[in-house]
1. Using +1 on the beta carbon of Lys and Arg, -1 on that of Asp and Glu, and nothing else charged, what's the dipole of the stretch 2-161 about the Cα centre, debye to 20?
2. Give, rounded to the nearest 20 debye, the magnitude of the charge dipole that the stretch 7-83 has about its Cα centre when Lys and Arg contribute +1 at Cβ and Asp and Glu contribute -1 at Cβ.
3. Leu297's amide H: which non-local residues (gap 5+, or another chain) put their own amide H closer than 5 Å, with H modeled 1.01 Å from N in plane and none for Pro or chain starts?
4. Find which of Ser207, Pro97, Thr250 sits farthest along the positive direction of the dipole of the chain, computed with +1 on the beta-carbon of Lys and Arg, -1 on that of Asp and Glu, about the Cα centre.
5. Please list the non-local residues whose amide H lies under 5 Å from the amide H of Met40, H modeled 1.01 Å from N, same-chain partners needing a gap of 5 or more.
6. Please work out how much length the chain gains when fully extended from Lys357 to Glu322, using 0.36 nm per residue of separation minus the C-alpha to C-alpha distance, in nm with one decimal.
7. Can you work out the FRET efficiency for the pair Asn3 and Asp337, with r the C-beta to C-beta distance and R0 = 22 Å, to the nearest 0.05?
8. Between [x] -0.34, -0.45, -1.46; [y] -0.37, -0.48, -1.32; [z] -0.65, -0.74, -1.25, which matches log10 I(q)/I(0) by the Debye sum over Cα atoms at q = 0.07, 0.08, 0.14 Å⁻¹ calculated for the structure shown?
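Here, each number is a calculation from the coordinates, and none is a lab measurement. Treat the numbers as computed from the prediction; the structure is a model and nothing was measured. Methodologically, a virtual Cβ is constructed for each residue, glycine included, from the backbone with ideal geometry; neighbour enumeration extends over all protein chains shown.
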Amino acid sequence: MRNSKKLLDMCKDEKRELYPLTPSQMGIYLSCMQNPKGTMYNIPCTYVFDKGSLDTDRLINAVRKTVDNHPVMKIFIDNSTGSPMMKLRDSVDFDIPVVQVDNLEQAGKDFVKPFDLEKDVLFRFAVFECGDKSMFAMDFHHIISDGTSVSVICNDIALAYDGKELEPEKFSQLDLSVFEEKLEETEEYQKSKNYYDSIFSAVESKSEITEDFAEDSEVEDKPNGSFELSTNGKFSVEDVRNFALANQITPYTVFLGAYEYAVAKFTNQSETTVCTVTHGRFNKQLKNTVGMMVRTLPIHANIDEEDTVSDYLKKIRRNIKETVANDWYPFMKLASDYDLSADIMLAYQADIFNTFKIGGQALKLKLVPLKSAISKLNVMVFESETICSKRKLFVRLPTAF
């Protein structure tokens, strides 16, 4: 970790005309090229408020100041060298329309459109008005943003709305691009590679979900079927936290352990590999950085039916801790080395950007369902103040359905 911090410091403000995509960004880019009409890597968020309770002009001005504060918001993908690279625009020109609509929910759905990575500004903002309600909508391509970045953007918009100065990024996504390029030469990178080799070189079978029907290869934009389960009335956020505390684990470990066990039963295997994600902000100086820093991690588990629930979950906790400590070796290379995929995924979002506090108000997030699928079985866990704990399961259904 100390060596990584030194390397990051060395990469700060290294000016280039073109910056390589990080492995995480490259994975997104390649997936988008397979489905350029898809919206699976959009991150849309909408927040409804009483019309007039926020000053629209101040809000729009706050958005523009926020965009100016984060360099990655000005990039596009340049393929002039034959490889996708990030190129920084001198400035970014974008509109923030205020639109009268008949239905806010439908307006939110219509707001989500594919991004052209080579031509488009890779974000959108809009304000929709309907009767006595307004809705602030924003959408980012995942190649320049992630969940934590959305929280940073919301916080900056709120500060700028109140007329406060914004804290510049200490390290940008462009700095991280240079860092990732040079990381391969470090001892930590090789150590991480060796860690994964010690696990996956001995794995004889991989976890796979078999579809009921064959996928239609003629359909480019794979449809996304989804459903939502609420634990309201069954168990609460507090119940999960208390259970986790009693077993010296985290709520995240509870959900991941349960998911690993369910996958093992469904696939009739005694070992599983489920992918999860971390925010990838290994240095506190990245707390204000907007970019795609999420790292995909494969968590391998051996299921021993003789274990108690507590013992099993503590093994999961240890596996998570060890994998996170060795997350320098990118998943894109792991997928190639060991034939892994992220088709079975769990993301524990908690309440990361569930509430947008601005102008003395606490606006609740309204997620916009995406039409395109990322993976076969992508489980997302959210916390909600109004319905205790909401588990959102996004499941890609075969196109033959």
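1. Values: 19 positive and 23 negative charges, 135 e Å.
Roughly 660 debye for the stretch 2-161.
2. On the way: 9 positive and 9 negative charges, 32 e Å.
For the stretch 7-83, the charge dipole is close to 160 debye.
3. Here the answer is Thr276, Val277, Thr278, since their amide H atoms fall under 5 Å of that of Leu297.
4. Thr250
5. Amide H neighbours of Met40, under 5 Å, 5+ apart: Ser372.
6. Details: separation 35, 0.36 × 35 = 12.60 nm, distance 3.55 nm.
Gain on extension, Lys357 to Glu322, equals 9.1 nm.
7. Values: r = 23 Å, r/R0 = 1.06.
Computed FRET efficiency for Asn3 and Asp337 comes out at 0.40.
8. From the options [x] -0.34, -0.45, -1.46; [y] -0.37, -0.48, -1.32; [z] -0.65, -0.74, -1.25, the structure gives [x].
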